[in-house]
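The values are calculated or read from the model by the stated rules, or taken from the named source; none is laboratory data. These numbers were taken from a predicted model, which means no experiment stands behind them. In this analysis, Cβ positions are derived from the backbone assuming ideal geometry, glycine residues included, and neighbour counts consider all displayed protein chains.
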């Protein structure tokens, strides 16, 4: 299983007031808050943690077909470089984060060794680009590949009754979009 998240930093800067009273206390653990306050760039760390939590949440929601809002219960642990962990209910999610001047992107996995395919695209083209990637992998026509969402709104891609994705995560924020896929051997 995989989950991803992307944050458009300029949009987050304009539209969010993460410094307002109570925001950090409601979203982040005490340890995360300490790291944010001590950071050279607390704004970036706030959104890195948010992205890590969201990516891990997407995996948990896929596994359990359960939707809820509890970001503070997802505990981010900074390890080294861009490889970090998120802990929720004794489950470990491995995360990898890319931070640029424009965006923060996090991919979360349940297995340290999982290799997922991710592609950055304009948000309005995500669904089409997923179908084109699956066409390249399977030789099924992109026009014949259909997205179906499970009861928890997790996107899965099919050709007729053949499931083409083991796990798919889609994120968009502002001018950035990304999709990540795990696909079975076809």
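Quick notes on this structure:
- Qualifying helices (runs of 4 or more DSSP H) (wholly inside the range 10-104; at least 2 residues being touching a helix residue (DSSP H, G or I) at 6+ places or on another chain (Cβ under 9 Å) and more than 25 Å from residue 174 (Cα to Cα)): 30-38
- Here the condition is being within 19 Å of residue 9 (Cα to Cα) and not assigned by TED's automatic domain parsing to the domain that holds residue 58; of 122, 153, it holds for 122 alone.
- Boolean, residue 87 is in contact with a strand residue (DSSP E or B) (Cβ under 6 Å, 6 or more places away or on another chain), surrounded by fewer than 18 Cβ atoms within 10 Å (Cβ to Cβ), more than 25 Å from residue 66 (Cβ to Cβ) and without any contact (Cβ under 8 Å) to a residue 40 or more places away in the chain: no
- Flag if residue 132 is modelled with pLDDT of 95 or more, more than 14 Å from residue 2 (Cβ to Cβ) and under 13 Å from the mean Cα position of the chain (by Cα): no
- Matching residues, the range 137-153, being touching a strand residue (DSSP E or B) at 6+ places or on another chain (Cβ under 6 Å) and without any contact (Cβ under 8 Å) to a residue 12 or more places away in the chain: 148, 149
- Which listed residue, of 74, 68, is without any contact (Cβ under 8 Å) to a residue 60 or more places away in the chain, surrounded by fewer than 12 Cβ atoms within 10 Å (Cβ to Cβ) and either under 20 Å from residue 181 (Cβ atoms) or assigned by TED's automatic domain parsing to the domain that holds residue 32 (or both): 68
- A single entry from 37, 23, 49 fulfils the requirement of being in the same structural domain as residue 99 (by TED's automatic domain parsing) and buried (at least 20 other Cβ atoms within 10 Å of the Cβ): 49.
- Residues of the range 26-46 satisfying the condition of being touching a residue at least 40 places away in the same chain (Cβ under 8 Å) and more than 22 Å from residue 100 (Cα to Cα): 26, 27, 28, 29, 31
- Test result for residue 55, buried (at least 17 other Cβ atoms within 10 Å of the Cβ), touching a residue at least 60 places away in the same chain (Cβ under 8 Å) and farther than 30 Å from residue 160 by Cβ: yes
- Note on the range 68-84: residues that are touching a strand residue (DSSP E or B) at 6+ places or on another chain (Cβ under 8 Å) and within 26 Å of residue 22 (Cβ to Cβ) total 7.
- Residues satisfying the stated conditions in the range 113-135, i.e. farther than 13 Å from residue 180 by Cα and not in a helix (DSSP H, G or I): 113, 122
- Of all residues in the range 156-171, those being in a strand (DSSP E or B) and crowded, with 17+ Cβ neighbours inside 10 Å number 7.
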